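Asks: I have a structure here, written as structure tokens, and I will follow up with some questions on it.
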Amino acid sequence: MRFRDTIVSIITRFMLPFITLFGMYLIIHVHLSPGGGFSGGTVVGAGFVLLSLSYGISMQSRKFSHRTSTLIESGGALAYIILGVVSFLYGQPFLTNLAIFPAGEPGRLFSAGFIVLINLAIGFKVASTIIALFDSLGGEELH
Amino acid sequence: MKHLIAITLLVILGLGIYSVIIDMPTFGDPENPGNKISQQKIVNKAVEETGSQNVVSSIITDYRAFDTLLETTVLFAAIAGIFATLLNNNRDSGDVNNEI
């Protein structure tokens, strides 16, 4: 990249772990606090967009290549469908939650059946969608 | 021949969809699940039925999980369209008339 701003790149280097951590917090605490797969995935994706804005898409594709993002993109939807199909093995309708998955104690982190797992799938999918979208609109060669 | 196979497949798919549609409850029937289940009942029972304290996420990813699945499919379709139009697909020639 021809032009790189010192302040922006250094602040990005400091902030990127915290942005990603906040996004993962939004995704994982979906059953306890406001948030969820869509909003948390957007935060994670926006962190990587910030990285590619300040360091160039070539730097960003070293961390999170185009091929990885497309694989995660398809894998998120596939994981969602597999979590729904699991209930067929127990003779329940598609996407059954508490009859199969352990309920846990409401209010704890490990509770609420498959809600957290589904939101993890959605979150990874949305994050990789944002990253792949920005990469393909960025105008650089990606292969 | 290709068209014949395509039309046959579409007719079989359409018959499948039709057989599902005639089993659906009549529109506007007060006995429909959408009309019988009140929002108050969902709000009161969400914690014990889904184990999630956040009622919004329990509605989105438990009661209406199938809707959310297709929501993520919309994202997939959008990104597939973007890739198809914007990325260079390594075609030897720019002439696409022969492929249609």
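Asks: Which of the DSSP-defined H helices in chain A satisfy a minimum axial length of 24 Å, computed from C-alpha atoms, and a minimum mean Kyte-Doolittle hydropathy of 1.0?
Replies: Going by DSSP H runs, the hits are A:6-28, A:37-55, A:115-137.
Asks: If one computes the Cα centroid of region B:1-78 and of region A:17-32, what distance in Å separates the two points?
Replies: About 28 Å separates the Cα centre of region B:1-78 from the one of region A:17-32.
Asks: Would you work out the relative contact order for chain A, in percent, from Cα pairs under 8 angstrom that are 6 or more residues apart?
Replies: Computed over chain A, the figure is 31 percent.
Asks: To continue, here is another question. For the ranges A:11-19, A:128-136, what's the packing order if you count other beta-carbon atoms within 10 Å of each residue, average per peptide, and put the highest first?
Replies: Order by mean packing, descending: A:128-136, A:11-19.
Asks: Next question. May I ask for the percentage of alpha-carbon pairs in the protein assembly as shown that lie more than 22 Å from each other?
Replies: Summing the P(r) tail past 22 Å for the protein assembly as shown gives 65 percent.
Asks: Give the order of B:M1, B:M24 when sorted by the count of other beta carbons within 10 angstrom, beginning with the fewest.
Replies: By the 10 Å Cβ count, ascending: B:M1, B:M24.
Asks: At a Cα cut-off below 20 Å, give the lysines reachable from B:K45, other chains included and same-chain residues fewer than 8 away excluded.
Replies: Partners within reach: B:K36.
Asks: Go ahead and run the numbers for FRET between B:F83 and B:F27, Cβ-Cβ distance against an R0 of 45 Å, rounding to 0.05.
Replies: 0.70
Asks: What is the fewest-to-most order of A:V30, B:V47 by other Cβ atoms lying within 10 Å of their Cβ?
Replies: Arranged by neighbour count, lowest to highest, A:V30, B:V47 become B:V47, A:V30.
Asks: If r is the Cβ-Cβ distance from A:V8 to A:S58 and R0 is 22 Å, what FRET efficiency results, to the nearest 0.05?
Replies: Computed FRET efficiency for A:V8 and A:S58: 0.85.
Asks: Follow-up. By per-residue mean of other Cβ atoms within 10 Å, what is the highest-first order of B:70-78, B:54-62, A:46-54?
Replies: B:54-62, A:46-54, B:70-78
We did not get these values from a lab; they are worked out from the coordinates using the rules stated. The shown structure was predicted, so the numbers you read here are calculated from the model rather than taken from an experiment. Cβ: placed from backbone, ideal geometry, glycine included. Neighbour counts: every protein chain shown.
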